[in-house]
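Heads up, the thing below is written out as structure tokens.
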Amino acid sequence: MRRVVLILTWIASLMLLQAPYANGQSDPPKASPSLSEPADPRTIDRIAARIEDDVITESEVRELGAFQLLAEGREKPRDELIRELTDQWIVNGEANVAHSPQPSDEDVNRAFAAFLGKFASAEEFKRRSAEVDLTEPDVRRLLAKQIYLARFLDYRFRPAAQVDQQQIEAYYNNELAPKLKAEKQPVPALEDVQDTIQEVLVQRAISERSTEWLNETRARLKIDLMREGDEP
């Protein structure tokens, strides 16, 4: 019974964290030439996409891909990474306008501890993060970004994400119970998992509504994608 509740709770948490993440924009770093040497003419960063009067840089694309590789063991194609960063840019702008609070250090610490649970040990985390050229501060910053934007989407769409008893029972009968039976696990009574099922369905509704909103917003924006290797 406890295992089933934990599974459902993990699903709800995962759906929340998989909500789209905001793109914290910053100017590309500039080289600081010494007094005795001319400025280094090499390109520091490149533009991956232009959104209205802002940009997504190639370094941001690489960092998101590295984080996905670390977290999930796979990296999405470049165009999908740019689309995700575009969605992050949209959500970040709305969250800033709404003056959404930044996550606390405690929030980030909890998220980082949960992230470490994906790995066999802290040493394995350090090894694999080094392989994708991410540091612990990088991971903490990206997790903080997830929390910030996921909370905004929850705040914006939860009021409309209503779930009734019929939907809860349908999920229990059509999704949960068949899955557990197929895995030869005991099926708990509905009343024992009802609250958890309700939250899973609420998170599903939030994800659906936020996806629809992002698709509509993205269609109204001026977005120019740059081919990899194009001059900025």
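Values in this text are rule-based calculations from the coordinates and carry no lab data. All values derive from a computational prediction rather than experimental measurement. Quick reminder, even Gly has a Cβ in these numbers, built from the backbone with ideal geometry, and neighbours come from all protein chains shown.
Please work out how much length the chain gains when fully extended from Q194 to E216, using 0.36 nm per residue of separation minus the C-alpha to C-alpha distance, in nm with one decimal.
Full-extension gain reported as 4.6 nm.
With a cap of 12 neighbouring Cβ atoms within 10 Å, and only residues DSSP puts in a loop, list the GluC sites (Glu not before Pro) found in the stretch 142-188.
Sparse-neighbourhood loop GluC sites (Glu not before Pro): E183.
Starting from the Cα-Cα distance between E131 and N96, subtract it from 0.36 nm times their residue separation and give me the gain in nm to one decimal.
Roughly 9.3 nm would be gained on extension.
Quick one: pull the percentage of alpha-carbon pairs in the stretch 45-225 with a separation above 28 Å.
Tail fraction, whole percent: 40.
Need one number: nm distance between label points at K76 and E208, each 7 Å from Cα along Cα→Cβ, rounded to one decimal.
Here the answer is 2.0 nm between the modelled labels.
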